[in-house]
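One structure is given here, and the rest of the page talks about it.
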Amino acid sequence: MGSPPFFFEWASRLLPWLFPISFLILMIGLVWGIGFAPSDYKQGEVYRIIFVHVPSAILGQSIYLMMAIFGSICLIWRAKLAGMFLRSAAPLGASFTLIALISGAVWGKPTWGTWWVWDARLTSTLILFFLYVGIIGLYSSIDNKQRGDRAASLISVVGVIIVPIIKKSVDWWQTLHQPSTFSLTSSPTMTADMYLPLLICVIGFYFIFVSLLCNSLRAEILTRERNTGWVRKYLNNKVSE
Amino acid sequence: MEFIQDLLIMDGQGKYVWFVLLVFLIVIFLNYYLPYRTIRKIQEENSQSSEE
Amino acid sequence: MNNRNTLFFWFKLILKRDLALSFKKIATFLIPLVFFLIVISLFPLALGTENSFLSSLSPGVIWVAALLASLLAVESIFNEDFRDGTLDHFLLSGEPIFILVFAKVFAHWLVTGAPLLLASIISTFFLFLPGGLVLPLLVSLLIGTLLLSLLGAFGSALTIGKTAILSAVIVLPLSIPILILGVAIITSAINNQDYLSYLYFLGAMLAVGIPGLCLATVEAISINYD
């Protein structure tokens, strides 16, 4: 499981299944949520952004955690695949966090009248985005791939320890500066008709993440192991197909 | 028909919801396309060098 | 010299070496101090000079300027030593490297942090910070700048030989809690609340940060030697 060629073959076989399943689940969740879930008492129709906003935010944070876990594996056991995971997962984590930010802002305009609000959750998400960009910038700047992996792993592990501190301090900062606490994306009280499609969307987002991750990892593995025998054989087989 | 109208416009809030969905689709597509292009490039380079 | 084998000897040695190197150029003291003052001056220039407005901004602005000055100053702490091989000696020495790293960072902080404290007093005049707040300001900055230098050293170890701005992008988000806490110390002093508990918290962060960040910095340095 831990060796690049084994994972490559395994991922190549899974992908033709993973993408369709992901799209199916996403379609079910999104169509149900956006099309058929009941409108909210307070926010009307615009709350439907939640079906994209919440899963993106959840994924943005989980991916950061995953990167810390695989980062420690990379540092302790020097597993190449764990390092490659970071390079594939970081852009995905940044993307989901960006979606969460944009959807949060677009949600805010009709609901609260402004494109941005410095509430605790949005601010933490913004900081998370900055952290992702830092990691991506770090490993992009290092030419040696193994070193880049280890540097990214180290910053992920240290970051994941500091992130709860950041969250706590941002929460506290918000109570200092906004005595009238209103959360931009205070979720409407959810009935089952809203909760279920949301859950399906979250699952769908996880599936699409895994699909995109395998896709990206395949590219990363091929790039790095380009000159090895098994890659040459694979590519020549591909050509002759 | 009225249902579709209602779905698209959503009492004037449809533009926000559909915009968010659009952003989501673009980002997902880009995350798929860029590695795909990398793999394509590697395959082309390989077939070029084996032709030489 | 029969104390060669004690860790404290090596700590003192590196401390003295780095201090001596810094003292050679007077610029090492002046540049971070002046950078700090320049950043402070930018705010009235950009936002207007009204007295009460500036004094309401002052705790935050002073802390942001201190943040930027500390992180940018410490950015090149390992570059020279990496290039001329001194870091190799650190790694090969057999002593716990994080103590040696702490010696370097501490020496650096003595040279850049102390002028920063002086500059912060000057900036209370530029930004009309009420006089009674100078003490909480200084104490919060004292602990804060050391913590920031440690954090900055970690970022700098990750980006040896790369541009400073990359190091800043990596480290600045991580330093946000320090910023929030530091400003809170001053603003709670403005409101005549007890700011000591926040100060203790900052001190606790320093107590954890010294071993923690130094260890992380050592790991980051060793990555460059794979």
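No solvent, one uniform scatterer per C-alpha: report log10 I(q)/I(0) for the range A:9-156 via the Debye equation at q = 0.09, 0.11, 0.16 1/Å, two decimals. The Cα Debye sum returns log10 ratios of -0.38, -0.54, -0.95. Computed from the Cβ-Cβ distance with R0 of 22 Å, the FRET efficiency linking C:Glu50 to C:Asp194 stands at 0.15. Here the 3J(HN,Hα) profile of the range C:79-84, calculated from phi with Karplus coefficients 6.51, -1.76 and 1.60 at θ = phi - 60°, is 4, 4, 5, 5, 5, 9 Hz, Gly and Pro shown as x.
Roughly speaking, what is the centre-to-centre gap between the range A:210-238 and the range C:70-106 when only Cα atoms are used, to the nearest Å? Each part reduced to its Cα centre gives a spacing of 39 Å. Taking 17 Å as the straight-line reach from the Cα of B:Lys15, the lysines in range (excluding those fewer than 8 positions away in the same chain) are A:Lys109. Each eigenvalue of the Cα gyration tensor of the protein assembly as shown, multiplied by 5 and square-rooted, gives one semi-axis; in descending order these are 44, 35, 17 Å. The phi torsions of the range C:43-56, fed into the Karplus equation with coefficients 6.51, -1.76 and 1.60 and a -60° offset, translate into couplings of 5, x, 5, 7, 10, x, 10, 5, 3, 5, 4, 5, 5, 6 Hz, rounded to whole numbers, with Gly and Pro shown as x. Placing +1 on each Lys and Arg Cβ and -1 on each Asp and Glu Cβ, with no other charges, gives chain A a dipole about its Cα centre of roughly 800 debye.
Going from the residue with the fewest nearby Cβ atoms within 10 Å to the one with the most, C:Asp88, A:Asp119 rank C:Asp88, A:Asp119. When the alpha carbon coordinates of the range C:7-223 are projected onto the principal axes, the ranges are 56, 34, 28 Å, largest first.
Straight-line cross-link reach from A:Lys238 at under 17 Å between alpha-carbon atoms covers these lysines, not counting any fewer than eight positions away in the same chain: B:Lys41.
About its Cα centre, the dipole of the protein assembly as shown is roughly 960 debye, where the only charges are +1 on Lys and Arg Cβ and -1 on Asp and Glu Cβ.
Taking 31 Å as the limit for the C-alpha separation, the pairs A:Lys80/A:Lys233; C:Lys12/C:Lys162; A:Lys80/C:Lys12; A:Lys145/C:Lys104; A:Lys80/C:Lys162; C:Lys24/C:Lys162 exceed it in the case of A:Lys80/C:Lys12.
Distance from a point 7 Å along Cα→Cβ of A:Trp172 to each backbone N in the range C:163-180: keep the residues under 15 Å and list them by number. The answer is C:175-180.
How many angstrom lie between the C-alpha centres of the range A:40-66 and the range A:114-170? So the two Cα centres are separated by 20 Å. Net charge in the neighbourhood of C:Ile97 (other residues with Cβ under 13 Å of its Cβ; Lys, Arg +1, Asp, Glu -1) is -3.
Since every read-out is calculated from the coordinates, none of them should be taken as a lab result. Keep in mind it's a predicted model, so treat the numbers as computed, not measured. Because the Cβ atoms are built from the backbone with ideal geometry, glycine has one as well, and the counts that use them run over all protein chains shown.
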